[in-house]
1. How would you classify segment 44-202 from its alpha-carbon gyration tensor, with a ≥ b ≥ c the square roots of the eigenvalues: rounded for a/c under 1.5, else prolate if a/b is greater than b/c, otherwise oblate?
2. So, in nm, how far is label ARG196 from label ASP34 when the simple model puts each one 7 Å beyond its Cα toward the Cβ?
3. Could you state the number of Å between the C-alpha centres of segment 4-41 and segment 89-166?
4. Test of understanding: what is the full-extension gain from VAL115 to ALA138, defined as 0.36 nm times their sequence separation minus their Cα-Cα distance?
5. In nanometres, what is the gap between the two model label sites at GLU52 and GLU86, each 7 Å from Cα along Cα-to-Cβ?
6. Mind checking which of VAL19, VAL164, VAL30 has the largest fluctuation in a GNM of the chain, springs on alpha carbons under 10 Å?
7. Cα convex hull of segment 139-202: mean projected area in nm², to one decimal?
8. What does the charge dipole of the chain about its Cα centre add up to, to the nearest 20 debye, if the Cβ of each Lys and Arg holds +1 and the Cβ of each Asp and Glu holds -1?
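The values are calculated or read from the model by the stated rules, or taken from the named source; none is laboratory data. Everything quoted here is computed from the prediction, not taken from an experiment. Quick reminder, even Gly has a Cβ in these numbers, built from the backbone with ideal geometry, and neighbours come from all protein chains shown. In case anyone asks, the SASA skips ligands and DNA or RNA and just uses the protein heavy atoms, side chains included. Shrake-Rupley method; radii C 1.70, N 1.55, O 1.52, S 1.80 Å.
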Amino acid sequence: MVVYDSRPTRRARQVVADVIVLVGIVLAVVVGRDAAGSIARLATIGTRVQSEGTAFQQQLSATARALSQIPLAGDAVSSPLRKASEHAGAVAAAGAQQHDTALHLAHLVGGGLTVVVIALLLLVWVRTRGRFVRVASATSRVDRSPDGAELLALRALVRRDAVVALGPGVVDRWRGRDPQTVAALADLERRSCGLRTRAGRD
């Protein structure tokens, strides 16, 4: 598989693009984690409400039980406290619900933000760098085949406007299987696809 262009300038740009994507992925993870942490801190409010509501409920229940022991007036005196205890329990339950909701939202927002940003970065990378990798790798496989040079020369004639730089009569020379012309055309296709030319390998 061919990952980087053989031309130094383009290879440098590709390396920079890869580094930017990697840094972007790291930043997406960090930002997602920070966002989740910020939202998760709201859960402490629910925890405090639950804790204080539960403590208040227990105090009211204990007081109601004590007052219920008063002869004759016990039930009448303790009844409002029992109702207040029930309300305190509802407040404590609401605090627990707020705690769970905040944690769920933190995980959802933090994870969702991270996944979306990473997916966008990878999509951009695939549409730019991925295309080069596919084309260069496919060209390299063709080049390694028995008739690779001839096939690349044909592709250059069909696809590359730069063949005019090889002078007039290039098609006739290619038809006559002129070795220098075939090699020059093949190198033109290699260079256009980001591969090293045969001359560059020698």
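1. prolate
2. Label at ARG196, label at ASP34, 4.3 nm between them.
3. The distance from the Cα centre of segment 89-166 to that of segment 4-41 comes to 13 Å.
4. Gain on stretching VAL115 to ALA138: 5.2 nm.
5. 2.4
6. Most flexible of the set in this elastic network: VAL164.
7. Answer in nm², one decimal: 4.0.
8. I would put it at about 960 debye.
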